[in-house]
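K.L.:
Questions regarding the structure given below will be posed in turn.
Derivation of every value follows stated rules applied to the coordinates shown; laboratory data play no part. Only a predicted model underlies this, so the values are computations on that prediction, with no experimental measurement involved. All Cβ positions, even for glycine, are placed from backbone atoms using ideal geometry, and neighbour counts span all protein chains on display.
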């Protein structure tokens with residue numbers, strides 16, 4: 001709605017979210033919103049029951065939503081767009097701390113001669129994060145988050161970090177400058193929250209949905225084996241191998257799409273030869289190994305839970321989806337990416353899975369903790385503190401080591417006829433919880 005792109009909704013979401021469980025626990029009294037540059041990064045964290053999810057029209061930068069949530073934009077969001085707030089982020093230079101120009105958001109043309117849009121030009125700079133925070137402030141003000149009797153939830157996915165990371169890798173001066181700029185932007189946003197709601201009334205979590213591989217050229221300079229592969233050429237090799245086995249060398253697109261390292265099968269081509277899913281996916285997996293992948297997991301295999309009881313096996317099992325037709329998930333060699341330019345993720349290795357997880361709020365104690373933790377622990381920890389159910393398919397744990405001990409006076413007892421106060425606030429009280437995720441999905 002309010003944009004030209006195809007519709008988007010949580011239709012394909014297969015589990016409840018923290019926001020959904022918060023809505024259930026308060027019978028809809030809590031407010032839940034999601035913000036991102038990308039539709040999926042706004043919708044999926046917010047969930048089914050959210051009041052709204054907002055993302056931008058990639059060309060104009062205007063904020064849009066889905067008719068799944070509401071039939072039109074609220075007046076405050078429409079006013080935000082009509083005031084052309086995105087225009088101030090065009091035609092600006094992004095400087096590092098030494099004053100060097102890193103990028104410009106000057107208007108430019110794409111390869112086909114059309115005008116490059118807001119997402120393409122501004123999206124890979126700190127100005128995009130600033131734009132999201134600007135919209136978030138208006139949402140908090142006009143939706144009156146944190147002012148009611150029930151806890152509210154706002155998720156913010158800072159997509160600019162992801163966009164830039166794909167282009168320049170994690171070791172570039174631009175990424176370092178992005179991190180520094182984000183630190184300043186978060187400080188300013190937290191200052192706003194402190195004045196508007198009060199930091200004592202907030203729980204905040206910061207994390208990411210994935211890391212990123214170093215640029216292959218960076219790894220190779222350090223004599224670490226790495227590769228920038230041509231996914232299109234590899235896909236053609238896979239189909240050639242399969243054609244030799246199944247169609248006497250006649251060209252057939254048995255793999256209709258190869259998004260390294262995942263192969264999406266043409267089930268109709270296999271079915272016409274009376275090849276079952278299990279056998280077709282295994283054949284594709286063996287073809288993946290022939291082009292250099294170290295192993296594979298098939299959709300059929302994952303559906304049966306037929307994986308080794310290992311950390312690697314569990315990672316791929318947790319990545320299983322029954323949707324999308326027949327597919328095979330290849331296990332690439334470390335530091336191999338499926339593109340000649342930039343870098344990528346979608347591997348089980350540490351550079352992909354090592355991400356920050358930070359909490360702020362009264363329930364948490366200061367410190368750095370070296371126990372094993374994962375982003376999936378975030379929702380479970382918040383749910384436990386709120387006294388609500390964890391999301392339906394949550395696999396995380398409550399990060400008890402990060403929780404502050406309950407405060408209770410020595411040898412104290414409640415007055416006669418009164419019950420002791422709960423150690424943690426029930427869901428009917430503050431905080432208003434806010435989550436910012438550094439980066440959306442690819």
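K.L.:
Quick check on the chain: helices-only [θ] at 222 nm, where DSSP H runs of length 4 and up contribute -39,500 (n - 2.57) each and the sum goes over total residues. Nearest 500, please. Don't jump to the answer; show the numbers that get you there.
P.N.:
Values: 15 runs with 152 residues, N = 442.
Per the formula, -10000 deg cm²/dmol.
K.L.:
For region 98-183, just the Cα set please: Rg and Dmax, both in angstrom.
P.N.:
16.2, 53
K.L.:
Hey, another quick one. When the Cα centres of region 185-257 and region 33-55 are compared, how far apart do they sit, in Å?
P.N.:
21
K.L.:
I would also like to ask the following. Give me the number: length gained by fully extending residue 371 to residue 149, i.e. 0.36 nm times residue separation minus the C-alpha to C-alpha distance, one decimal in nm. Walk me through the intermediate numbers first.
P.N.:
Working: separation 222, 0.36 × 222 = 79.92 nm, distance 3.51 nm.
Contour length minus Cα-Cα distance gives 76.4 nm.
K.L.:
Consider the candidate values [x] 26.5; [y] 22.0; [z] 23.3; state which one is mean projected area of the Cα convex hull in nm² computed from the structure displayed.
P.N.:
Correct label is [x].
K.L.:
What translational diffusion coefficient, to the nearest whole µm²/s, does region 186-256 have by Stokes-Einstein, given a Kirkwood radius computed over alpha-carbon pairs, a temperature of 20 °C and 1.002 mPa s viscosity? Working shown, then result.
P.N.:
On the way: Rh = 17.6 Å.
It comes out at roughly 122 µm²/s.
K.L.:
Right, another one. Using 7 Å Cα-to-Cβ label points, what is the residue 320/residue 75 separation (nm, one decimal)?
P.N.:
Distance between the two pseudo-spin positions: 5.2 nm.
K.L.:
OK, next. Sort largest first and round to whole Å: the equivalent ellipsoid semi-axes of region 1-128, each the square root of five times a Cα gyration tensor eigenvalue.
P.N.:
Numbers: eigenvalues 200, 53, 39 Å².
Over the Cα atoms of region 1-128, the semi-axes work out to 32, 16, 14 Å.
K.L.:
How far is helix 126-143 tilted off the main Cα axis of the chain, in degrees rounded to 10, range 0 to 90?
P.N.:
Approximately 40 degrees, to the nearest ten.
K.L.:
Please pull out the direction-averaged projected area of region 227-337, using the convex hull of its alpha-carbon atoms, in nm² to one decimal place.
P.N.:
Numbers: hull surface 26.5 nm².
If you wrap the Cα atoms of region 227-337 in a convex hull and average its projections, you get 6.6 nm².
K.L.:
While we're on this one: Just to be sure I understand: with springs between alpha-carbon atoms less than 10 Å apart, which residue in 181, 77, 200 has the highest mean-square fluctuation in the Gaussian network model of the chain?
P.N.:
Its mean-square fluctuation being the largest, the pick is 200.
K.L.:
Nearest 10 degrees is fine. How inclined is helix 231-246 to the longest principal axis of the chain, computing both from alpha carbons?
P.N.:
It is inclined by approximately 50 degrees.
K.L.:
Continuing with the same structure: In a solvent-free Debye calculation with one equal scatterer on each Cα, what is log10 I(q)/I(0) for region 291-404 at q = 0.09, 0.13, 0.16, 0.20 Å⁻¹, listed in the order of the q values?
P.N.:
Each listed q maps to, in turn, -0.35, -0.69, -0.93, -1.15.
K.L.:
Here is a follow-up. In a Gaussian network model over the chain where Cα atoms closer than 10 Å are linked, find which of 310, 147, 17 has the largest mean-square fluctuation.
P.N.:
Of 310, 147, 17, the most mobile in the Gaussian network model is 310.
K.L.:
Relative to the longest principal axis of the chain, what angle (0 to 90°, nearest 10) does the C-alpha long axis of helix 173-196 take?
P.N.:
Helix 173-196 sits at roughly 30 degrees to that axis.
K.L.:
I've got another one for you. In the Gaussian network model of the chain, springs joining C-alpha atoms below 10 Å, which of 124, 87, 150 carries the largest mean-square fluctuation?
P.N.:
87
K.L.:
Could you calculate the contour length gain from residue 333 to residue 256, that is, 0.36 nm times the residue separation minus the distance between their Cα atoms, to one decimal place in nm? Walk me through the numbers before you get to the answer.
P.N.:
Working: separation 77, 0.36 × 77 = 27.72 nm, distance 2.28 nm.
Computed gain between residue 333 and residue 256 is 25.4 nm.
K.L.:
Let me ask something else about it. Determine one quarter of the surface area of the Cα convex hull of region 82-137, which equals its mean projected area, and express it in nm² to one decimal. Please report the intermediate quantities before stating the final value.
P.N.:
On the way: hull surface 18.7 nm².
Result: 4.7 nm².
K.L.:
Would you mind ranking 182, 312 so that the residue whose beta carbon has the fewest other beta carbons within 10 Å leads the list? Before the final figure, lay out each step's value.
P.N.:
Details: 182 21, 312 14.
In increasing order of surrounding Cβ atoms, one gets 312, 182.
K.L.:
Then there is this: For region 239-280, how big is the tail of P(r) above 16 Å, as a whole percent of Cα pairs? Walk me through the numbers on the way to the answer.
P.N.:
Values: 268 of 861 pairs.
Every Cα pair in region 239-280 considered, those over 16 Å come to 31 percent.
K.L.:
Of 222, 234, 265, how do they rank once you tally other Cβ atoms within 10 Å and put the fewest first? The partial results should precede the final answer.
P.N.:
Values: 222 8, 234 22, 265 26.
Starting with the residue having the fewest Cβ neighbours, the order is 222, 234, 265.
K.L.:
Going by C-beta contacts inside 10 Å, put 395, 65, 347 in order with the fewest on the left.
P.N.:
Working: 395 12, 65 25, 347 22.
Fewest to most other Cβ atoms nearby, the residues stand as 395, 347, 65.
K.L.:
Run the quick spin-label model on residue 104 and residue 307: label points 7 Å from Cα toward the beta carbon, then report their separation in nm to one decimal.
P.N.:
Result: 4.8 nm between the two label points.
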